[in-house]
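Enquirer: Below you'll find the structure I mean.
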Amino acid sequence: MNVTIHQAFLPQTDPEAALGFYRDALGFEVRNDVGYEDMRWITVGPAGQPGTSLVLHPPATDPGISEDERRTVLELIAKGVYTSVTLATDDLEGFFARVRASGADVVQEPADQDYGVRDCAFRDPAGNLVRVHQLL
């Protein structure tokens, strides 16, 4: 049996800003862009990896969520503590330079970690932490 990760979900609070970050700064392909009423779901993924995608979704849209819960989720997203994703590249320095040049919010410049990786970190426009490891 073969099991793969097909999609992971990250909240976005501004679809155009999310596109600017994931498509333009990170270089991901746009796989799907679906709107419903005033909401928008955007599926992006790395070129050459059609089976792996991130779905950038409007946060806290579940029908059963209260306004207080929605407000809490939005506050956690804005603080950058709601969720995160870790990517990997074979050229961390080049990747970091490209993303920094885009104006992205740099959280950590490339650094060697005690747990055996070299990585850097950014926040996407919604505040989600995007960590990037150097492939060894």
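Enquirer: Given points 7 Å out from each Cα along the Cα-Cβ axis, report the E93 to Y36 separation in nanometres with one decimal.
Expert: The answer from the label model is 4.7 nm.
Enquirer: Using only Cα atoms and rounding to the nearest 10 degrees, what angle (0 to 90) does helix 92-101 make with the longest principal axis of the chain?
Expert: For helix 92-101, the angle is close to 50 degrees.
Enquirer: Over the stretch 7-134, what is the relative contact order in whole percent, taking alpha-carbon pairs under 8 Å and six or more residues apart?
Expert: Details: 231 pairs, mean separation 32.5, N = 128.
Once divided by the residue count of the stretch 7-134, the mean separation gives 25 percent.
Enquirer: Extending each Cα 7 Å along its Cβ direction at R131 and R100, get the distance between those two points in nm, one decimal.
Expert: Between R131 and R100, the label points sit 2.0 nm apart.
Enquirer: Now for a different question. Going by amide H atoms built from the backbone, whose H comes under 5 Å of the H on E29, apart from near neighbours?
Expert: G45, A47
Enquirer: Given H placed 1.01 Å from N in the peptide plane, which residues other than close sequence neighbours of D105 have an amide H under 5 Å from its amide H?
Expert: For D105, whose amide H was placed from the backbone, the distant partners under 5 Å are R123.
Enquirer: Identify, among C120, L135, F21, the residue whose Cα sits farthest towards the positive end of the charge dipole of the chain, taking +1 on the Cβ of Lys and Arg and -1 on the Cβ of Asp and Glu, with the dipole about the Cα centre.
Expert: The Cα lying farthest towards the positive end belongs to L135.
Enquirer: Moving on. At 222 nm, what helix-only mean residue ellipticity would the chain give, in deg cm²/dmol to the nearest 500, using -39500 (n - 2.57) for each DSSP H run of four or more?
Expert: On the way: 3 runs with 28 residues, N = 136.
Computed mean residue ellipticity for the chain: -6000 deg cm²/dmol.
Enquirer: So, with +1 on the Cβ of K and R and -1 on the Cβ of D and E, and no other charges, what is the size of the charge dipole of the chain about its Cα centre, to the nearest 20 debye? All intermediate terms of the calculation are to be shown ahead of the outcome.
Expert: Working: 11 positive and 21 negative charges, 35 e Å.
Using only the charged Cβ atoms, the result is roughly 180 debye.
Enquirer: Something else about it: Residue by residue through the stretch 130-135, what is 3J(HN,Hα) from phi via Karplus (6.51 cos²θ - 1.76 cosθ + 1.60, θ = phi - 60°)? Round to whole Hz and write x for glycine and proline.
Expert: Computed from phi, the couplings for the stretch 130-135 are 10, 9, 10, 9, 7, 5 Hz.
Enquirer: Kindly work out what percent of the DSSP beta bridges joining two residues of the stretch 7-134 are antiparallel, to the nearest 5. Don't skip to the end; give the middle numbers.
Expert: Details: 20 of 31 bridges.
Within the stretch 7-134, antiparallel bridges account for around 65 percent of the total.
Enquirer: Hey, what angle do you get for helix 67-79 against the long axis of the chain, alpha-carbon based, 0 to 90 degrees rounded to 10?
Expert: 20
Enquirer: For V107 paired with E16, estimate the spin-label separation in nm (one decimal), with each label point 7 Å from Cα along the Cα-to-Cβ line.
Expert: According to this spin-label approximation, the distance is 2.6 nm.
Bear in mind that the values in this text are calculations on the coordinates, not laboratory data. Remember, it's a predicted structure, so these values are computed and weren't measured experimentally. Note that we place each Cβ from the backbone using ideal geometry, even for glycine, and neighbour counts take in every protein chain shown.
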